[in-house]
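The values are calculated or read from the model by the stated rules, or taken from the named source; none is laboratory data. In this text the structure is predicted, and so the values were computed from the model without any measurement. As a convention, Cβ positions derive from the backbone with ideal geometry for all residues, glycine included, and neighbour counts pool all protein chains shown.
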């Protein structure tokens, strides 16, 4: 039905026309103009202090009379030094999305959202189409190419770009006063955790020359900004967005099945994602390699299955359900998948998800409430592994919770639904 509707709209646009302010009788599809005093710009803002690996620094975004729609981090980094020997494709950095331990988005001293490296990596792969993923991954050092990352890591003054998925992508929040200023708090990981040296000897060295945040904004005229601010004084603006919740769970070796209680997740959950990694594989090249499981289920407080009545097999989740949960083919890049040429490329892309939203991609793109399940904190994630665990693993669970961002003229706050 949607395809027929789309075709009808397209035909209608082809046959209809209307006059415009330019005095031209154009097809309706072309009779759209953007006011000349609205300007779409990219603003580059440097860090307020010298960034270093293993340290904390901030960006202060204080642009005025603008609407923020996208954020990208930029790190300019020296070549890796301190190592001797010769190994093909080494040394290299882990993809730059994994250089942080967490990122906090703070408005008027209120932490609106916290991003984690694995969750941001998954968002990059799931919520961008394959053509866009190539650009995003190459800009930060592609997880799929040691050779590409080696070239970047041995080039002095190389720029790395990390695209963030934030509530600004959903809400397009304006900055009209000092109370709306954004502070981005960056917590950097230790250099040893993100440099891959194989059998090269020595202690790696590298420095961050400088860091920027690149902000995509729409500049609005001062009179429009004043009018919007006056309206905020009378009645604050509210926007739906999906607040990211995260919790790691440690699982000891020797078990074939585990059940973790999802205590940290309370509220209207639109979707839940999880990955499994050995506890020895949370750094370097292993950090983006996720372990395959046999099946999983989400249970309620009475241990009743919430995801169709039976456990969800791994291949069903990776190859079928992710058709609805992802815009890309990322989860085909595993031991049993293949690319369009039929070549098996195992990037250990075993990311599992279950969405209670009818369209999680649209919900996260536009801040839409398209369905949820009310979590009370006693739900359980039950995972069956492919065999008895030879070593301990960590299960990282991420949930998108339906929330409201409220913005007044002199304050902001966020509320879970």
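Can you find a residue that is in the same structural domain as residue 88 (by TED's automatic domain parsing) and assigned to a helix (DSSP H, G or I) anywhere in the stretch 153-160?
yes
Is the stretch 334-348 home to any residue that is in contact with a strand residue (DSSP E or B) (Cβ under 6 Å, 6 or more places away or on another chain) and without any contact (Cβ under 8 Å) to a residue 60 or more places away in the chain?
Yes; the residues of the stretch 334-348 include at least one that is in contact with a strand residue (DSSP E or B) (Cβ under 6 Å, 6 or more places away or on another chain) and without any contact (Cβ under 8 Å) to a residue 60 or more places away in the chain.
Considering each of 189, 223 in turn, give the residue that is outside the structural domain of residue 417 (by TED's automatic domain parsing) and more than 28 Å from the chain's Cα centre (by Cα).
So the residue among 189, 223 that is outside the structural domain of residue 417 (by TED's automatic domain parsing) and more than 28 Å from the chain's Cα centre (by Cα) is 223.
Among 236, 248, which is the only one that is more than 27 Å from residue 305 (Cβ to Cβ), at pLDDT 95 or above and under 30 Å from the mean Cα position of the chain (by Cα)?
Just a single option satisfies the conditions, and that option is 236.
Being out of contact with any strand residue (DSSP E or B) (no Cβ under 9 Å at 6 or more places or on another chain) and closer than 30 Å to residue 281 by Cβ narrows it down to one of 365, 388, so name that one.
388
Conditions first: (1) surrounded by fewer than 18 Cβ atoms within 10 Å (Cβ to Cβ); (2) closer than 29 Å to residue 280 by Cα. Residue 410 passes all but one, so which condition is the exception?
Failing condition for residue 410: (2).
Only one of 262, 323, 318 is outside the structural domain of residue 102 (by TED's automatic domain parsing) and surrounded by fewer than 20 Cβ atoms within 10 Å (Cβ to Cβ); which?
323
Matching residues to (1) surrounded by 18 or more Cβ atoms within 10 Å (Cβ to Cβ); (2) in contact with a strand residue (DSSP E or B) (Cβ under 8 Å, 6 or more places away or on another chain); (3) assigned to a helix (DSSP H, G or I):
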position	(1), (2), (3)
114	no, yes, no
124	yes, yes, yes
134	no, no, yes
148	no, no, yes
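Are any of the residues in the stretch 44-59 buried (at least 18 other Cβ atoms within 10 Å of the Cβ), more than 17 Å from residue 182 (Cβ to Cβ) and out of contact with any helix residue (DSSP H, G or I) (no Cβ under 6 Å at 6 or more places or on another chain)?
yes
Can you tell which of 412, 344 is out of contact with any helix residue (DSSP H, G or I) (no Cβ under 9 Å at 6 or more places or on another chain) and not assigned by TED's automatic domain parsing to the domain that holds residue 164?
344
Would it be correct to say that residue 330 is buried (at least 21 other Cβ atoms within 10 Å of the Cβ), modelled with pLDDT of 95 or more and within 24 Å of residue 282 (Cα to Cα)?
Taking the combined requirement at face value, the residue satisfies it.
Identify all residues within the stretch 70-93 that are buried (at least 17 other Cβ atoms within 10 Å of the Cβ) and touching a helix residue (DSSP H, G or I) at 6+ places or on another chain (Cβ under 7 Å); write none if there are none.
71, 75, 80, 90, 91, 92, 93
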